[in-house]
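The values are calculated or read from the model by the stated rules, or taken from the named source; none is laboratory data. A quick note: this is a predicted structure, and the numbers were derived from the prediction, not measured. All Cβ positions, glycine included, derive from the backbone under ideal geometry; neighbour counts span all protein chains shown.
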Amino acid sequence: MAINPESKKQPVSFHKKSGPKDLPPTFPPFPAAPHGVTIIPFKDFTPYGYKRLRTETGEEIEVDALGGLPTVKVLSDEEVIQRNKDRRRRRNAGQSADATGRIVPWWEEWEEGESSRTTSEPIELQNSLIDRVHQAADDFRIGRTWPPISSGVRSLWDHFRLYIGLLSSLPIYRKVKRSKGNTDMTCEGGGDASDNDDVPKAKQINLDIIQDPLEQVAHPGKQLEPKEGEGDIMARLLETFLEDMEKSIKVFMSSYMRDKGLIWSERNLFIAPTVLHFFLRFMQRNRVFAGFETHTENLNRAVVVAELAIRELPLTARVARVLPGMFDAACKECWGYRGSLSMYISTTLDSEDGCADTDTPASSAVGTFEEALKADHTEIVSSDVVLDSLMAKEVLDDTFGPGDGTNISPPPANDPWAAAITTGQNTTVSWTDVKVDSLLTFLGPTRLPLTHTAGVVEFSTRKVKEIMLPEAINSVPDTPSTAIEQELGSRFARVVLEPWIRTPTDELLDITSPIITSSSRGAVIEDPFADNIDVSDAHSPSDAYNPCRDNLTILIDPASVDCFHVGLGLCGTWVQMARCEDVESSTSPIDQGTPYVSKHPRDCFWYLEDVVSIFPRFYMESEVQIDLDQTTDNDDL
């Protein structure tokens with residue numbers, strides 16, 4: 001196609017005074033000045049600059065010298081470089097410092113800007129409750145700076161998303177090196193856009209797989225796409241969460257965390273309720289369930305549960321460190337071991353058609369096992385026998401051979417292991433025995449072992465009902481046992497515990513009905529769940545102990561009172577410190593001339609022989625089973 005030379009744009013020529021040729025001038029002339037305003041010519045302008053003033057509070061500020069307005073500080077080149085370095089260094093929450101130099105924890109950093117965090121679009125545009133929860137969870141995740149992966153905060157959040165059906169499997173996090181051509185990935189969290197160049201990026205093996213972009217890569221051999229049938233499971237879990245958010249929060253922070261092993265990391269006991277408290281308040285503040293009054297009220301109750309969990313879940317770890325206490329161990333040392341796990345199992349298992357003979361002693365079973373080993377020409381060495389030097393030499397010869405010439409340096413002279421082998425001591429005892437303080441440590445030369453003995457022994461779960469500090473002795477005791485009890489009450493704090501199981505419907509998988517062990521001494525109700533106790537029944541006298549109705553009181557160190565909270569559940573073996581005359585009266589009559597005041601077990605002191613589990617008051621188990629893979633924790637990755 002030919003080009004017409006006349007169609008080309010003609011060049012524009014400029015004159016020195018009039019401007020472009022053939023174009024009308026538009027500016028200047030300048031517009032007229034407003035009425036009452038005088039324009040100062042530049043030749044008459046006098047710069048005033050800046051000056052510093054001292055305010056009423058004593059603070060010195062910089063203001064414009066002409067108008068007196070405060071100025072905005074302009075950073076120097078050095079300050080700009082330092083600010084950029086700080087931004088690169090601070091990639092995660094919980095790494096910034098305040099004015100005093102204190103590192104601000106991530107939850108305080110979140111709280112500072114929490115009121116300004118909103119959803120990305122009006123929630124009313126989403127008609128489905130499921131869509132609203134999905135949007136709220138995504139906006140909550142993206143709209144904040146998260147702590148490092150090693151802190152475990154993201155792992156707990158992912159566990160919760162998996163639990164309510166927002167994920168099909170836990171993401172696998174790994175720090176990824178920067179690479180070229182990987183600039184299209186966005187980073188979660190708040191902050192300036194200038195920070196995006198310094199955050200870890202994510203790589204994806206399969207672009208069709210949707211992944212969380214924060215420090216995440218696809219794990220080889222792991223199926224990240226939902227499997228067949230997982231979509232239905234996720235939908236069912238999310239529907240369960242929407243039906244009763246309060247119950248779902250209770251289950252997650254109790255039985256779910258216990259089943260997944262999350263409670264054994266003490267930091268998880270604070271992270272889980274704190275993150276959920278932020279998320280629930282985020283939904284509450286943004287009116288995620290606007291127009292659904294029932295769901296809104298349920299969400300408000302879930303927020304209350306999360307606030308309670310922030311206080312109680314960390315206490316479960318603190319209580320586990322102080323119970324059983326030193327006084328409990330001293331009582332156990334005095335009266336012996338009254339309960340064991342084998343007792344609990346034997347009382348709950350039933351023999352089937354004579355296959356299990358409950359009268360067969362344990363030593364017989366051990367003997368049968370040893371005979372079977374001897375028949376196979378197996379040498380049996382008792383664990384109580386110490387390896388002497390000759391046997392140790394035989395083990396070394398079997399391992400390395402007698403002619404290997406292995407250079408084994410002699411042990412130091414002060415080595416306790418070498419000394420025990422040389423002297424023939426029982427090394428098993430030397431490293432398994434734990435020093436336990438006796439009652440003399442707490443009470444001095446006391447008559448407690450003479451006035452009291454072990455009574456009712458119960459294995460059960462109980463709730464903290466009341467916590468009482470030590471009280472002064474204000475009355476004269478009439479019996480030696482009363483004097484001992486008053487002294488104990490003045491030295492120790494008291495914790496009153498009530499039964500967790502009161503009816504058969506209260507039983508759970510982890511919380512079962514009370515068990516009275518075979519070593520127990522004292523009258524106990526035969527059927528603790530019965531509404532009406534038959535007084536004429538010899539097995540259920542009116543003054544007998546009822547483990548599903550009666551309270552009990554334990555003694556703790558006053559310094560440990562702050563570890564307890566009303567409603568906290570304790571599962572363990574409880575032993576009654578019964579008066580000797582009460583135990584003797586059940587087997588033989590008491591001399592009428594001896595002063596004797598009977599005391600019901602509910603009014604006696606008890607001690608905790610061992611503790612098995614500690615539960616928050618909201619402990620609950622779920623009827624919905626999660627059948628998804630890859631549910632292990634990756635806190636340490």
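Results, tabulated for the structure shown:
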item: Number of positions in region 98-125 that are free of Cβ contacts under 8 Å to residues at least 60 places away in the same chain, assigned by TED's automatic domain parsing to the domain that holds residue 142 and assigned to a loop (DSSP other than H, G, I, E, B); result: 3
item: Region 444-459, residues that are within 40 Å of the chain's Cα centre (by Cα) and under 11 Å from residue 581 (Cβ atoms); result: 452, 453
item: The one condition in (1) part of a loop (DSSP other than H, G, I, E, B); (2) farther than 25 Å from residue 338 by Cβ; (3) hydroxyl-bearing (Ser, Thr, Tyr); (4) at pLDDT 70 or above that residue 409 fails to fulfil; result: (4)
item: Residues within region 286-308 that are closer than 15 Å to residue 133 by Cβ, in contact (Cβ under 8 Å) with a residue 40 or more places away in the chain, surrounded by fewer than 18 Cβ atoms within 10 Å (Cβ to Cβ) and of a type outside the set (Phe, Trp, Tyr), tallied; result: 3
item: Which numbered condition residue 625 fails, given (1) outside the structural domain of residue 477 (by TED's automatic domain parsing); (2) touching a helix residue (DSSP H, G or I) at 6+ places or on another chain (Cβ under 6 Å); (3) at pLDDT below 90; result: (2)
